[in-house]
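Asker: Okay, here's the structure, questions in a sec.
The values are calculated or read from the model by the stated rules, or taken from the named source; none is laboratory data. Worth saying up front: this structure is predicted, and the values here are computed from it rather than measured. All Cβ positions, glycine included, derive from the backbone under ideal geometry; neighbour counts span all protein chains shown.
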Amino acid sequence: MGKAKIVLAGSDPSFLDNAAHALRGLRVESWSTSVRTVDEAVNACKDINADVLICDLSSNGSDFFAIIDGSNGSDLDSQLIVLSDGFDRDLATKSFDNGVAYYADRSRPPDELFPLLVDKVESLVITRRQKREAEMTEYRLQTLIEVAEKRKAPFHELTHFVLERMVEITGSKIGYIATVDQEEGMMNMFAWSQAGMNQCKTLDKPIFYRLAETGLWGEPVRQGRPIVLNDYGNETELQKGTPKGHVTMNRFMAIPIYHDDKVVATCGVANKEYDYTDRDVRHLSLMMNNLGDMYDLANKDITLHEAEKRYEGILRNIPVAVAVLDAEGVLVDANDLFMNIDGGTLRRNMSLDSDEGIISEMWELFKECRERRAKVTSLVEHSDGQNRNTYWRATVSPVWDNRYRFNGSMLVMDDITNEQESMKILERTAHQLRTVEQITHHDIMNQIQVLRGYIEIMMDAGVPENTVKMLSRMEHSIRTITDQMRFSRTYQTLGVQKPLWLDLDEEVRRAVSGKHSIIMDIDLDAVQVYADISLNKVFFNLFENSIRHGGDVTRVEIVRDHQDDGSLLIIYADDGKGVPEGKKEDIFNKGVGSNTGLGMFLIREILSMTDISIREVGEEGRGVRFEMRFPAGNHRIRP
């Protein structure tokens, strides 16, 4: 039996301490905590799933009447003991009417009161554990019935159902099932309980391990018997070989699963609150060996015939070249497109182990897939014999048998010759456009500088007032052209390069650095975002917008706000005049604004490259407030 969990509640610290000390005399181990209020008592009982709640109603403990009359904590599963200072018949009657397990007068001498409490608590704990064990036994029987009813379910579905039930029945937190191929010496972590899947940090599931390299997880297979370890913290020789990032464990139990006198799988559970016992081993063995008896049934699924028919139809009609290879790389089946991929030289039952042409490249991809036990994709170039190269996107995927052993591969060859040739034309065209743009941009900017120089000379030379106005308009037009040229250069680079993980704080500070009197309040430390490399221009333009259109802006705030849905809000706010209610969306349209009308448009375009949204939600007269929402997966804390 595990430790008894006891909550002591009342307002007399001295009495609670004495009671806690006395309860250490329980024949079962105990764990207790003392609380002073009703809410603390209720929360403590729920948090630790307490066996017994002892309420001392003496002194100022009258608030605990709320527990007795059901107005607070009526859904507690803990059994209740009530103490009062002096025997109160009415209180005793009310207590028993409301399901209190025991009522006592705490004014008795300690050497009389505390032994009574110890005996009663121990009795209540044993009774509660027996009741829960009876309920669990009934639950186990019900699970066996449900397993029998699911015998025709797919093996994968049945396995996960049984695993989740066994985690519950044994009182564990996590569990797994690994299939075993003793001929190849491999273990496949085939099924994790949902809680285990959430906690485990290993990168890929299912995961293959060499049986000889596993430690404790492989012992049930090697020894052919259950393994129980109730003190996992003390490392043993058997604990080697657990994967990097695996779940932290404190107690562990695993058994072998037999079929036809061979170990075909192993099941393990871990992190039970109390020690694993022989009863746990029996229940786990009964359930999992029953699963082993269904092993052959899983291979005779009633949908097998329909699946074969679907496979045949797909293989013959799919518009790409497809082949099926066995574990040795022999061509088992293929459609006509694949058979003619090398001028009709391929035939069924031939091995792809060849040193010639495209077949040799297929063979290398197959060997890589077999070695890595994972899908492999590559671009394959092949001459068709008529001075024309063809290009294929080749994908080789592993195929597993019913015991999760490598059983061959599926080879898919997609002709992307036209796509590759079009890509080359696009790349050449893009190069030509970039060259023209660079030359044009350079020449125009040079001519702009010349025009500015002439305007300055004329201004310095002294000209009539009406001429000064015309020159000022010319200067304004030149600034507009310059801004548009800069915009075009920035816009044409959007999305050209792959987005990167950027340090947001660094990008912001680089964008807003310079000589200005505005107070900057930035709180973005350690945040990285996945965004276009032009992200700093977003904050540069927002800051320029504050300076140009915000009026007397004295403060800018840029902060983060993590959302419950996993997204991240980055908020840019100032204390300027803000945006009128009817123009909050219009400001992002091209050409809207008192300058070029391109700054806010560019901001939304840059953010949209990686699905980041932006909106203005400020109050006119109190400053702007731009909210940029980075989706879950597009942000992280700096590694």
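Asker: Output the number of residues of the range 529-562 satisfying the condition of being touching a residue at least 60 places away in the same chain (Cβ under 8 Å) and out of contact with any His (no Cβ under 8 Å at 6 or more places or on another chain).
Answerer: Count: 12.
Asker: Of a type in the set (Asp, Glu) and within 19 Å of PRO631 (Cα to Cα) - does that describe any residue in the range 531-538?
Answerer: Yes, the range 531-538 contains at least one residue that is of a type in the set (Asp, Glu) and within 19 Å of PRO631 (Cα to Cα).
Asker: Count, please, the residues in the range 623-639 that happen to be in a loop (DSSP other than H, G, I, E, B) and either modelled with pLDDT of 95 or more or farther than 17 Å from PRO499 by Cα (or both).
Answerer: 3
Asker: Taking the condition within 30 Å of THR179 (Cβ to Cβ) and either at pLDDT 75 or above or surrounded by 12 or more Cβ atoms within 10 Å (Cβ to Cβ) (or both), does PHE406 pass?
Answerer: Yes: the conditions hold for PHE406.
Asker: Out of the residues in the range 84-110 that are assigned to a helix (DSSP H, G or I) and among the polar types (S, T, N, Q), which is nearest to ASP51 (Cα to Cα)?
Answerer: Checking each candidate, the answer is SER95.
Asker: A follow-up question, please. Determine if the range 570-593 includes at least one residue that is under 25 Å from the mean Cα position of the chain (by Cα), at pLDDT 90 or above and more than 24 Å from ILE518 (Cα to Cα).
Answerer: Checking the range 570-593: not a single residue is under 25 Å from the mean Cα position of the chain (by Cα), at pLDDT 90 or above and more than 24 Å from ILE518 (Cα to Cα).
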